[in-house]
Amino acid sequence: MGWIAAIIVGALIGWIAEKVMKSDMGLFMNIVVGIIGSSLGRWIFGDLLGIGSAHAAGEFSLAGLGFGVAGAAILIFILRFLKIMK
């Protein structure tokens, strides 16, 4: 996936996770959380739990968006727990 596509999909994933977690981060943080959260979702659900479709996390597909949003929501939870984000 190209850098521009990664930024666009990351922004979408970050924005959805922001709404799910009732947070207010802004565009830049949505992109960062979306990209890192997608990688986290792929690692947790794909590598640790062995869910095969989780390897699509971060891609522009329903499964990819779903696992990416789940990973981004987990990342927001961790950042809140560590008091890095409100």
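No value in this document is a laboratory result; all are computed from the given coordinates. As the structure is a computational prediction, the values presented were derived from the model and not from experiment. All Cβ positions, even for glycine, are placed from backbone atoms using ideal geometry, and neighbour counts span all protein chains on display.
See the values below:
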item: Span-rule helices in the chain, defined as complete DSSP H runs reaching 24 Å or more along the axis (Cα) with Kyte mean at least 0.0; result: 3-20, 62-81
item: Dipole moment magnitude, nearest 20 debye, the chain about Cα centre, only Lys, Arg, Asp, Glu C-beta charged; result: 300
item: Kirkwood Rh, Cα atoms: Rg over Rh of the chain; result: 0.96
item: Helix-derived mean residue ellipticity, 222 nm - over the chain, DSSP H n ≥ 4, -39500 (n - 2.57), to 500; result: -21000 deg cm²/dmol
item: Most to least packed among 32-38, 62-68 [average Cβ atoms within 10 Å]; result: 32-38, 62-68
